[in-house]
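What follows is a set of notes on a single structure, which appears directly below.
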Amino acid sequence: GSRSIWAYDIEAKANKQFRVSRIAAVDVLQDGWSYESSHKAEETDIFNWSGKKSIHIEWEMSRVARNILLDDYPMAEKHLSRLDPEGNSWSLVTDVFDLAAPVRFYIGLADHITILAGDDFRRAVKDCVRKLSDGVGE
């Protein structure tokens, strides 16, 4: 999605993903490429997370949810399918590496999204709602 880059963090000795929008400056060095054998880009999901273990999710959503999803996460486009000729109903079928972003997205648009598959996702939503409701005063 051209929103982040992979780089090898010398101090952490790990490959990390960095958001382009958070990079304040770049120093172009004349040095050769260091740690070349350690550079490994990992797969990134539509929410810009990476990881080793993927989690499957399937949603049915309104046109409103689809439009907001694409505004926020353009890489989702190839995982969307139109469910009706008018484009009022859409499905999202994808795998993610972390549930934080899809849960946050779902919570904000729960009236526009139906969870079709993803038991881990359902549990994460329920846990989030429970935590949110525990924090609300009576």
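The values are calculated or read from the model by the stated rules, or taken from the named source; none is laboratory data. These numbers come from a predicted model, not from an experiment. All Cβ positions, glycine included, derive from the backbone under ideal geometry; neighbour counts span all protein chains shown. Remember, those area values only see protein heavy atoms, side chains included, never the ligands or the DNA or RNA. Shrake-Rupley method; radii C 1.70, N 1.55, O 1.52, S 1.80 Å.
Which of the following residues is open to solvent by 30 Å² or more (accessible area, probe 1.4 Å), of a type in the set (S, T, N, Q) and under 22 Å from THR44 (Cα atoms): SER81, SER91? Spell out how you get there, then give the answer.
On the way: SER91 fails: open to solvent by 30 Å² or more (accessible area, probe 1.4 Å).
Result: SER81 is the single residue among SER81, SER91 that is open to solvent by 30 Å² or more (accessible area, probe 1.4 Å), of a type in the set (S, T, N, Q) and under 22 Å from THR44 (Cα atoms).
Closer than 26 Å to GLU42 by Cα and either free of Cβ contacts under 8 Å to residues at least 40 places away in the same chain or open to solvent by 30 Å² or more (accessible area, probe 1.4 Å) (or both), is that true of HIS112? Outline the logic, then answer.
On the way: closer than 26 Å to GLU42 by Cα: no; either free of Cβ contacts under 8 Å to residues at least 40 places away in the same chain or open to solvent by 30 Å² or more (accessible area, probe 1.4 Å) (or both): yes.
The answer is no for HIS112.
In the stretch 45-80, which residues are part of a strand (DSSP E or B), of a type outside the set (Gly, Ala, Ser) and in contact with a Phe, Trp or Tyr (Cβ under 8 Å, 6 or more places away or on another chain)?
Step one: filter the stretch 45-80 for residues part of a strand (DSSP E or B), giving 50, 55-62, 80.
Next, from what is left, pick out any that are of a type outside the set (Gly, Ala, Ser): 55-61, 80.
ILE55, ILE57, TRP59, GLU60, MET61, LEU80 - these are the residues of the stretch 45-80 that are part of a strand (DSSP E or B), of a type outside the set (Gly, Ala, Ser) and in contact with a Phe, Trp or Tyr (Cβ under 8 Å, 6 or more places away or on another chain).
Show the residue pairs meeting these rules: Cβ distance below 7 Å; 6+ apart or different chains; first residue within the stretch 1-29 and in a helix (DSSP H, G or I); second residue surrounded by 10 or more Cβ atoms within 10 Å (Cβ to Cβ) and not hydrophobic (A, V, I, L, M, F, W, C).
As it stands, the answer is VAL20/ARG3; VAL20/SER4, since those pairs meet every condition given.
Could you tell me whether GLU86 is acidic (Asp, Glu), without any contact (Cβ under 8 Å) to a residue 60 or more places away in the chain and either crowded, with 17+ Cβ neighbours inside 10 Å or in contact with a Leu (Cβ under 7 Å, 6 or more places away or on another chain) (or both)? So that I can check it myself, show each step before the final result.
Working: acidic (Asp, Glu): yes; without any contact (Cβ under 8 Å) to a residue 60 or more places away in the chain: yes; either crowded, with 17+ Cβ neighbours inside 10 Å or in contact with a Leu (Cβ under 7 Å, 6 or more places away or on another chain) (or both): no.
No, not satisfied.
The rows are residues; the columns are (1) assigned to a helix (DSSP H, G or I); (2) open to solvent by 70 Å² or more (accessible area, probe 1.4 Å).
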{"site": "ASP98", "(1), (2)": "no, no"}
{"site": "VAL103", "(1), (2)": "yes, no"}
{"site": "ARG122", "(1), (2)": "yes, yes"}
{"site": "ARG130", "(1), (2)": "yes, yes"}
